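Structure first, then comments.
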Amino acid sequence: MYKQNYKNSGGFRFRSGYSSSRYSGRSNFSGRPKFGRPKSQLINEVELFIKKAVASAPNETEVSTLFSDLPISGNLKNNIAKCGFIHLTPIQDQAILPILAGRDVIGMANTGTGKTAAFLIPLIEKILQDPRQKMLVIVPTRELGLQIQDDFRSLTQNLNLYSTLIIGGANIVRQISEIRRHPHLVVATPGRLKDLIERRVIYLEDYQNIVLDEVDLMVDIGFINDVKYFISLMPKVRQSLFFSATVSNKVHEILQAFVSDPITISVKTQDTAINIDQDVVRVGNSAKKLDVLHDLLIQENFTKVLIFGETKHSIDRLSRDLDTRGFKLGVIHGNKSQGQRKRALEGFKRDEFKILLATDVAARGLDIDKVSHVINYDLPKTYDDYVHRIGRTGRAGNKGIALTFINSF
């Protein structure tokens, strides 16, 4: 019934009723999304989804500086080498030395450019030089928190440094126990952090090094007052670091209270990475939308695919439909337990299945090697959401493809 009808020639050939923009004339954009965030740039033109990737040299995402040349301890350098890092990325090259010097830093870079290591490496070195130092990283999503903790553990092998993750959906009793062991690094999401502050389990004045990561998302999803509350509890003397891919006007309000005489670093040349090939898939009949997706997923070059939907219910429905058609996949959304989300993410990373379905909860923080395609099965609400969604592919200088489904009548 679902017969393959394409030629694997690097592009797409679709059956009657739907087509890629490269094989059909552009038409007026129909089916505009409902916008929930009026302060963000809104998606109202189909051209925003279409951009040809720019061919680049393999080392364009790196600079000449070597990690081995950094003024950090030999054991940390060894762990960096074990992670496969040789050359610094531009954000790392510009941020690491000022952080080592104790400066506050505002860093802006596209997703997938190494900004997590840009703050972890110098702060790990700071703790190695003074074990009394403690680090707190506040993040908007569980997945980003898990990724940062994994990176910290990789960089601190055999260094006797410890971390804990305090996030919703996980055992709070265990988290309280881990906090009371005084780990060097605490990674926290706003809701669980506020809960533990109110329970008098964690005291922000105990942390001399604070990182706010992806604060624009925390603001977008309603945590702006919590972030301001956290800042009010932080010690006056601290090192404050801010890293994100986008900065809104509301975030600027937070920055004014958060940093002191900061160095501002921006290595962004455009909103999306130049190595992501962006295009649209026009669906002439919404009833055929699932068939269109099916025909894409069975193509050989769709080797590792992240599909974004608008709601938890739409993702669950799509999961059932694809499962019925014989596709093996994982699912991440807010109604899944932390254990289910973690298993889905790890299975996708280990190539146990090639398709991961997700809501925007996974638009940030997922650092997965060799995601060949990001598919926006449902339209993102804002352009910022789009930027972060497609940032899951084309990471670390690799080529990526982003496709967005739109109605075309």
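The values are calculated or read from the model by the stated rules, or taken from the named source; none is laboratory data. Quick caveat: nothing in here was measured; it's all calculated off a predicted structure. Quick reminder, even Gly has a Cβ in these numbers, built from the backbone with ideal geometry, and neighbours come from all protein chains shown.
Among the residues of the stretch 224-273, those identified as among the small types (G, A, S), modelled with pLDDT of 80 or more and in contact with a strand residue (DSSP E or B) (Cβ under 8 Å, 6 or more places away or on another chain) are S240, S260, S266. So which of T404, T324, T382, T359 ends up being modelled with pLDDT under 85 and either under 27 Å from S286 (Cβ atoms) or within 13 Å of the chain's Cα centre (by Cα) (or both)? So the residue among T404, T324, T382, T359 that is modelled with pLDDT under 85 and either under 27 Å from S286 (Cβ atoms) or within 13 Å of the chain's Cα centre (by Cα) (or both) is T382.
When the stretch 126-185 is limited to residues that are small (G, A, S), at pLDDT 95 or above and out of contact with any strand residue (DSSP E or B) (no Cβ under 6 Å at 6 or more places or on another chain), the one that is surrounded by the fewest Cβ atoms within 10 Å (Cβ to Cβ) turns out to be S177. Each residue in the stretch 364-383 was checked for being out of contact with any Lys or Arg (no Cβ under 8 Å at 6 or more places or on another chain) and of a type in the set (D, E), and 1 pass. When the stretch 306-363 is filtered for residues that are touching a residue at least 40 places away in the same chain (Cβ under 8 Å), under 26 Å from S244 (Cβ atoms) and basic (K, R), the ones remaining, listed by number, are K312, R341, K342. Residues of the stretch 75-105 that are in contact (Cβ under 8 Å) with a residue 60 or more places away in the chain and either assigned to a helix (DSSP H, G or I) or in the same structural domain as L366 (by TED's automatic domain parsing) (or both): N75, L76, N79, I80, K82, P90, I91, Q94, A95, P98, I99. With a requirement of 2 or more residues that are over 30 Å from K115 (Cβ atoms), the strands (runs of 3 or more DSSP E) lying completely within the stretch 264-332 that satisfy it span 276-283. Residues in the stretch 106-125 that are part of a strand (DSSP E or B) and surrounded by fewer than 24 Cβ atoms within 10 Å (Cβ to Cβ) were compared, and the one that is modelled with the lowest pLDDT is M108.
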